[in-house]
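Heads up, the thing below is written out as structure tokens.
No lab work stands behind these numbers, since they all come straight from the coordinates. Computed from a predicted model, the values in this text were never measured in an experiment. A quick note on method: Cβ atoms are made from the backbone with ideal geometry, for glycine too, and the neighbour counts reach across all protein chains shown.
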Ligand SMILES: [Ca+2]
């Protein structure tokens, strides 16, 4: 067989395989009514096999949580956790108490919205300022960031202050992660609220990473003289800075192609114009993505020791991207088959642990008897 006929044989076989797959998918959709997205598999494609729960020391810090969305480590054995349905939970020495039940949420049509990200002020020890991203139903359903003073004497929240209102909301794509950066500004991920074109509109708050001062002002060096820091995002739900001060953000792609982006001020991250390996001279392609057939459904993201860790919801793994400069130099999938869906990921500010929460009670997973759980693993295990 010469090379030419060999190549032709492969081509015909490949085409037949693709045709067969297309037919099978079509039958699946027709018979079972499954959206095509269901065929994208949680993936380890391109990933090295990482740790398993059997072989690594891990500790369940809290259990029986209800769709935990974010965790903030306050100190030794002290944590704040948001539950998407509206409870802000204080966990102290393994005991849980609800500090606040946010009850103005548009529930149940809430979907992916609700009580989402939290961040403590950099001077939290003095001012007890807590920032909360939440979906509210006032004149209309929208996402907001509010600041509260936590009164740990009475375990109440006081002095609600609007930091930003009017972030578009939808049953899907609400963004919701918030974090203070090394420049002391507050960064906020917003989703496109299922209106993809808004991600390219620099006057809209949807499909962006926003940057504000701690009192909700617009920093002097924001790129467009408004709240927008970067744009062209579909649904970013993870933010972190590495040791070099680079901002990494994870984002849910369309048709697989979930993204890890290196985010810089004023840049366009492409949605809905480009995705995956597409390039455009005016836009930034992801540093790494899950490929055309694989899904991470990435959420919480945290950097430590030269790696960017992020949660896989549908991926049901903890992913670790080893970072060298502005590139991903290794990619590892931890806890495959161990904990189910993973949503929040954070590194304790002083305790050398990586914390993550499961998300098996959110209606998209198989909840175990004690789900959902807050789990921690020593960083030196990775
Ligand atoms: Ca993108």
- Note on the structure: Protection proxy (average C-beta count within 10 Å per residue), highest first, orders 197-203, 295-301, 244-250 as 295-301, 244-250, 197-203
- Task: Rank these for me by crowding, 213, 240, going from fewest to most other beta carbons within 10 Å.
- Result: 213, 240
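Take 290, 154 and order them by how many other Cβ atoms sit within 10 Å, fewest up front.
Details: 290 30, 154 9.
Fewest-to-most ranking of 290, 154: 154, 290.
Over the chain, what relative contact order in percent results from Cα pairs under 8 Å that are six or more residues apart? Walk me through the intermediate numbers first.
Working: 998 pairs, mean separation 56.5, N = 382.
Result for the chain is 15 percent.
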- Any idea how far apart residue 78 and residue 201 come out in nm if each label point goes 7 Å out from Cα toward Cβ? 4.4 nm
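What fraction of the Cα pairs in region 49-153, stated in percent, has a spacing above 19 angstrom? Before the final figure, lay out the partial values.
Working: 2654 of 5460 pairs.
Value for region 49-153: 49 percent of Cα pairs lie more than 19 Å apart.
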- Item | In degrees, nearest ten, helix 3-32 long axis to first principal axis of the chain (Cα) | 50 degrees
- Note on the structure: In this structure, the FRET efficiency calculated for residue 220 and residue 92 from their beta-carbon separation, with R0 = 45 Å, to the nearest 0.05, is 0.70
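At 0.36 nm per residue, minus the direct Cα-Cα distance, what do residue 152 and residue 273 gain on full extension? Give it in nm, one decimal, please.
On the way: separation 121, 0.36 × 121 = 43.56 nm, distance 4.73 nm.
Difference between extended and current length: 38.8 nm.
Taking other Cβ within 10 Å of each residue's Cβ, how do 369, 330, 359 sort, fewest first?
On the way: 369 6, 330 13, 359 30.
Result, fewest neighbours first: 369, 330, 359.
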- Message: Given a 10 angstrom Cα cut-off, can you work out which residue in 253, 363, 176 is the most mobile in a GNM of the chain?
- Response: 363
- Dimensions (Å) - the chain, Cα atoms, principal axes, largest first: 81, 49, 45
- Task: Just report the Cα centroid separation between region 140-173 and region 317-382, whole Å.
- Result: 26 Å
- Message: Output needed for region 217-357: three equivalent-ellipsoid semi-axes, defined as square roots of 5 times the C-alpha gyration tensor eigenvalues, in descending order, whole Å.
- Response: 24, 19, 13
- Query: So how do 86-92, 233-239 stack up, highest first, on mean other-Cβ count within 10 Å?
  - Reply: 233-239, 86-92
- Task: In nm, give the distance between the simple-model label positions of residue 125 and residue 367, each being 7 Å from the Cα along the Cα-to-Cβ direction.
- Result: 3.8 nm
- Message: If I model a spin label at residue 55 and residue 171 as a point 7 Å from the Cα along the Cα→Cβ vector, what separation in nanometres do I get?
- Response: 4.3 nm
- Message: Run the helix sum for the chain: -39,500 (n - 2.57) per DSSP H stretch of 4+ residues, divided by residue count, reported at 222 nm to the nearest 500 deg cm²/dmol.
- Response: -3000 deg cm²/dmol
- Choice from 267, 352, 153 showing the highest fluctuation, given a GNM over the chain with Cα pairs closer than 10 Å: 153
